[in-house]
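Reading through the structure tokens given below for one structure.
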6 protein chains.
Amino acid sequence: MIGLLLVNGKLCKNPSFATIHDFTYSGFDVRGNTSNQLRAHVNLITADLMPGLNTLGVSLARIDFEPNGGLNPPHYHPRGSEVLLVLEGTLYAGFVTSNPDHRLFAKILKAGDFIAFPFGLVHFQMNVGKTPAVAIAALTSQNPGVNTVANAIFGGNWPINPEVLTTAFHLDKNIVEDLQTQNWVNPS
Amino acid sequence: MIGLLLVNGKLCKNPSFATIHDFTYSGFDVRGNTSNQLRAHVNLITADLMPGLNTLGVSLARIDFEPNGGLNPPHYHPRGSEVLLVLEGTLYAGFVTSNPDHRLFAKILKAGDFIAFPFGLVHFQMNVGKTPAVAIAALTSQNPGVNTVANAIFGGNWPINPEVLTTAFHLDKNIVEDLQTQNWVNPS
Amino acid sequence: MIGLLLVNGKLCKNPSFATIHDFTYSGFDVRGNTSNQLRAHVNLITADLMPGLNTLGVSLARIDFEPNGGLNPPHYHPRGSEVLLVLEGTLYAGFVTSNPDHRLFAKILKAGDFIAFPFGLVHFQMNVGKTPAVAIAALTSQNPGVNTVANAIFGGNWPINPEVLTTAFHLDKNIVEDLQTQNWVNPS
Amino acid sequence: MIGLLLVNGKLCKNPSFATIHDFTYSGFDVRGNTSNQLRAHVNLITADLMPGLNTLGVSLARIDFEPNGGLNPPHYHPRGSEVLLVLEGTLYAGFVTSNPDHRLFAKILKAGDFIAFPFGLVHFQMNVGKTPAVAIAALTSQNPGVNTVANAIFGGNWPINPEVLTTAFHLDKNIVEDLQTQNWVNPS
Amino acid sequence: MIGLLLVNGKLCKNPSFATIHDFTYSGFDVRGNTSNQLRAHVNLITADLMPGLNTLGVSLARIDFEPNGGLNPPHYHPRGSEVLLVLEGTLYAGFVTSNPDHRLFAKILKAGDFIAFPFGLVHFQMNVGKTPAVAIAALTSQNPGVNTVANAIFGGNWPINPEVLTTAFHLDKNIVEDLQTQNWVNPS
Amino acid sequence: MIGLLLVNGKLCKNPSFATIHDFTYSGFDVRGNTSNQLRAHVNLITADLMPGLNTLGVSLARIDFEPNGGLNPPHYHPRGSEVLLVLEGTLYAGFVTSNPDHRLFAKILKAGDFIAFPFGLVHFQMNVGKTPAVAIAALTSQNPGVNTVANAIFGGNWPINPEVLTTAFHLDKNIVEDLQTQNWVNPS
């Protein structure tokens, strides 16, 4: 009747024209470009990049870390839990629980180890080894969102009133204002 | 048959013994104690405090702010959206979107104004008036969780490796370590 | 690629063009017009009126009641639970459980009291004080629906066969037919 | 480890001991007892009566109607949509939409016809034929709830303040109080 | 504003133009055409055929079986549980649990008996009587999907590599290849 | 108060006693034992094996395949979608759509390629290379279930009436009965 097909609110190609290429992705054997201030790179494949994920509720990421401190900085996913599997190297990984306890759950992970990051909690990974590290992460949403905490707080498109941040972060106003002028790089 | 009743994984009183008192709560006309470093107070009523909320998917909070800077600091709810209505005073309120844009949506709100904080995003309110402020907030979970960002990062029960935080927050190591020894007060 | 954006089946402005005005609403400090047969007024703000509520799963209402009987008549929300907080005055509020018990849970509420109305159950509020009353209600859907029971039964656009109503309501046919010709005002 | 098994908050027999009898039910070929004021009978099989329905999200009912007016009176299901199939006889069946329109959707149904009653809306069926009628209904919850409107309003365990009902239903106080003393029979 | 209405990702007629015909269906008193290799016929009414089912989460089927072996072959519904009620005749019906146990739950059902098929499990019905059989099934999705197992394995539009099937099904390669050239009839 | 804690219907250790060991798992660097009739091995880690996955909605598997035909045979997950990433070797992987089309979507995958298997559809992987293959799969449920089709059909604890299977699978009765006496190995 009409050519417009919508599933889950997304424009969708006519199912008759879908092919295996909508359901596959190549390149997770390739190292990401880690030449940035975090010395890490996240390649997150969501339904926007791989149409066949639409309605499936899952996305996949490859994360590369340079030796000696390459960092996927503290962040959370507003719409997803995560499991992260170390393929190469040695990662210090952890998450923090919500108010009021803010308990840190952290561990040194080696190849073959995986960790679960519960829905919506802040988590991070840092390469504490002397060789590159690689991890694979699966997230329980086809569009989980990523919120890198420091960047959201200090690196917005428009500065939050510095008084909010001096009180909240126990920092001098000049430090806050200096941070707000810096360049904040998202890991992906 | 047996006396143990469970709904939604919670121990539940026998419905025959439920009364109107399980479904009502009093005291949102009373000012909260704001004598703390944030000069604000959040009284969040969840299903743990009001059994009748179990399975209803909603909780309610009264928030008090002292004049000139009383602050509900940047935080998010892992399991809820929120609407916040100003009853008295003048609040600077806002939220920040996720990666990659980190757009700030903020406004000065007066009595009778309300704002929506989308699911899982960092948001805050500060009293920018010269009189006390009061707000009512409704959250879309009977147990939404609260995660005060600065406290989760710097005030955990066990310190995150400082190298994670120096890289992530662009702060000197001695500032990070000083922050990690401070007392961090949750607003509720 | 194309200008049409859909989230949750609703046409959605381009997120790049969203502003803080899509996420805020003003006017809940203003008394509603209660000059009607119920002597009450409900101002329910859903996602249709405030685009930023789309996908958030919450809506907010201000309800005004004239003294001595202003009534929000028995109704239910097909798609939402509710909490209602009294800001001013004295309300007799309650709800009734389903078959077979039809237990009434009701209480006189004063300013600062709130009550939960469980998902889908019939509930009501009446001002039993000598001064105006004001309440704020939060509902767990951005489009919860409202079904005023008497109006649905007797005030439809086309009359239900009166024999259905005489048997169901234990009323004489002439009373049923008289009711079906009356004007039924929805509280909002 | 322990003998207590819970799925979906219900005590559950050890799956190893489940048998086909937990997943089957007999007797929907038997006419129900319709000797009551409604001259109708509903036999609704939920997960409480058939343990195998637990977590399946469906329940099934057989409804019998005496000739010339046997009535399943206006009611709604707080937690379910419904489809109803006529097996024998002639039913006048319909539903009413919510505020503000209260549109009546109704039709005379014969054997082999079915009708959908949308989630949470008031609906009814009456036998308008001269022979008994039988219908089968499927509901989209293993525990959909039933709320017979007139009975909830006038037949609670404790009377709603009559002033609420006189205003809401446009009825004299003496009629309301008389209705509140009557016996209200639920169809099931 | 615009004429395009979407609910649940489906194009939807303007609600003002909806009629009772969108919510009713006729013809479940009519025997289906069972002259096929399975000697059975399934008439499944989903939201595609009956627009009023959109968002209701339910669909309905009439199934006819010829005497002495009319078969609704082993299949499952990727998006639904099912209850099936026998109206006429005698059916052998059952389902099989998942790995590792593959327990068979089966029974001979007569008119008035019903059986639940849990979400996503393989199930079947065969007429083991000497007269035609008729059943009604309700499924917990408006678009539950049907996957006839043998047809999906051997009757796809393009053959699965036969080595997959010889190993998986313990069959000789020539039998597999013969099966892959046959005509496989879906019951509906 | 009491020692019994339940979340999601599972007995749960007191959160105060939870440790990082509940949220991590080791051993996905170890090759599985593939000495079986399928010459493949699946190590699926669900919430039963890793308590921290409870409520997170995700599980993880490592799958090993011997060269030249090691097979994860056609199966589906009643409660989950899946993404599968090849770490080593060359896999022929695919899935089949439901009735009526049964379209095969299949591809040869190499290290670094991944494929999505939509919710509830039959899928498989076979090592078509001359070296061992390894894959990692993430599933969108903490307890997705696995249903190996051939095993469910022919290898149940109690045989399905062979007439059902001869008609459904177009096989001679003696072949069906022979298959029903064989040993069917689940890949995990």
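The values are calculated or read from the model by the stated rules, or taken from the named source; none is laboratory data. Predicted model, so just to flag it, every value in this text is computed and none were measured. Here the Cβ is made from the backbone with ideal geometry for all residues, glycine too, and neighbour counts use every protein chain on show. Keep in mind that these areas ignore ligands, DNA and RNA; they rest on the heavy atoms of the full protein, side chains included. Shrake-Rupley method; radii C 1.70, N 1.55, O 1.52, S 1.80 Å.
Suppose every Lys and Arg Cβ carries +1 and every Asp and Glu Cβ carries -1, with no other charges. What dipole size does region B:1-135 come out with about its Cα centre, to the nearest 20 debye? Intermediate values should be presented prior to the final figure.
On the way: 10 positive and 9 negative charges, 20 e Å.
Taking the Cα centre of region B:1-135 as origin, the dipole is about 100 debye.
Given labels modelled 7 Å from the Cα in the Cβ direction, how far is it in nm from D:Val185 to D:Ile108?
2.7
For region E:148-188, restrict the atom set to alpha-carbon positions and state the Rg and Dmax in Å.
For region E:148-188, the Cα-based Rg and Dmax read 9.9, 30 Å.
Sort A:142-151, E:27-36 by packing, meaning the average of other beta carbons within 10 Å per residue, with the highest value first.
Numbers: A:142-151: 22.7, E:27-36: 13.5.
Order by mean packing, descending: A:142-151, E:27-36.
By its C-alpha gyration tensor, with a ≥ b ≥ c as the square roots of the eigenvalues, how is the protein assembly as shown shaped: rounded for a/c under 1.5, else prolate for a/b larger than b/c, else oblate? Spell out each step's value before the answer.
Values: a/c = 1.95, a/b = 1.00, b/c = 1.95.
It is oblate, given that a/c is not under 1.5 and a/b is not larger than b/c.
Expressed as a whole number of Å, what is the distance separating the alpha-carbon centroids of region E:142-171 and region F:75-138?
After rounding, the separation between the Cα centres reads 14 Å.
Could you state the accessible area per residue of chain A in Å², with a 1.4 Å probe and every protein chain left in place? Let's see the in-between values first.
Details: 7040 Å² over 188 residues.
Computed with neighbouring chains in place, this is 37 Å² per residue.
Just check region A:29-73 against the gyration tensor rule for me: Cα atoms, a ≥ b ≥ c as the square roots of the eigenvalues, rounded for a/c under 1.5, and otherwise prolate or oblate depending on whether a/b exceeds b/c. Kindly include the intermediate steps, with their values, before the conclusion.
On the way: a/c = 3.32, a/b = 2.75, b/c = 1.21.
Judged from the Cα gyration tensor, region A:29-73 comes out prolate (a/c at least 1.5, a/b above b/c).
Run the quick spin-label model on D:His21 and D:Asp178: label points 7 Å from Cα toward the beta carbon, then report their separation in nm to one decimal.
Spacing of the two 7 Å Cα→Cβ label points: 5.2 nm.
Determine the order of C:Tyr76, E:Tyr25 by accessible area, beginning with the largest, at a probe radius of 1.4 Å. Each step should come with its number before you reach the end.
Working: C:Tyr76 0, E:Tyr25 60 Å².
My answer, sorted largest first, is E:Tyr25, C:Tyr76.
Averaged over D:132-143, how many beta carbons belonging to a partner chain fall within 10 Å of each residue's beta carbon?
Details: counts 0, 0, 0, 0, 6, 1, 11, 3, 9, 2, 3, 0.
Mean inter-chain Cβ contacts per residue within 10 Å come to 3.
Averaged over its residues, how many other protein chain Cβ atoms are within 10 Å of peptide E:50-62's Cβ atoms? Kindly include the intermediate steps, with their values, before the conclusion.
On the way: counts 4, 1, 6, 4, 2, 4, 9, 7, 12, 3, 7, 0, 3.
Mean shielding count: 5.
What accessible area, summed over both chains, is buried at the B-C interface (1.4 Å probe, Å², nearest 100)? Don't jump to the answer; show the numbers that get you there.
Numbers: alone 11130 and 11130 Å², together 18950 Å².
Using a 1.4 Å probe on protein heavy atoms, the buried area is about 3300 Å².
Once the label point is placed 7 Å from Cα along Cβ, list for D:His21 the distances to the corresponding points in the other copies, in nm, shortest first.
4.4, 4.4, 5.1, 6.0, 6.9
Pop out the carbon and sulfur fraction of the accessible area of the protein assembly as shown as a percent, whole number, probe 1.4 Å.
Numbers: 22520 of 42300 Å².
Here carbon and sulfur together make up 53 percent of the probe-accessible area.
Would you look at the GNM of chain F, springs on alpha carbons closer than 10 Å, and say which of F:Ile153, F:Ile45, F:Ile136 moves the most?
F:Ile153
In peptide F:105-113, how many Cβ atoms from other protein chains are near each Cβ within 10 Å, on average? Walk me through the intermediate numbers first.
Values: counts 10, 8, 6, 0, 2, 2, 3, 7, 6.
If you average over the peptide's residues, the count of other-chain Cβ atoms is 5.
Please report which chain A residue places its beta carbon nearest the axis carrying chain A onto chain D, with the distance rounded to a whole angstrom.
Per the Cβ-to-axis criterion, the result reads A:Gly57, 9.
Quick one: Kirkwood hydrodynamic radius for chain A, alpha-carbon pairs, angstrom, one decimal? Don't jump to the answer; show the numbers that get you there.
Details: mean 1/r = 0.0545 Å⁻¹.
Computed over chain A, the radius equals 18.3 Å.
Between A:Asn68 and E:Asp48, what is the label-to-label distance in nm when each label sits 7 Å out along the Cα-to-Cβ direction?
6.1
Would you mind putting B:46-59, C:168-181 in packing order, based on average other-beta-carbon counts within 10 Å, highest first? Mind showing how you got there, number by number?
Numbers: B:46-59: 20.1, C:168-181: 16.7.
Descending packing order for the listed peptides: B:46-59, C:168-181.
Once the label point is placed 7 Å from Cα along Cβ, list for C:Asp172 the distances to the corresponding points in the other copies, in nm, shortest first.
For C:Asp172, the inter-copy label distances come out at 0.9, 8.4, 8.8, 8.9, 9.2 nm.
How far is B:Trp158 from itself in the other copies, in nm, if each label sits 7 Å out from Cα along the Cα-Cβ line, shortest first?
Once sorted, the set of distances for B:Trp158 reads 4.2, 5.1, 5.1, 5.2, 6.9 nm.
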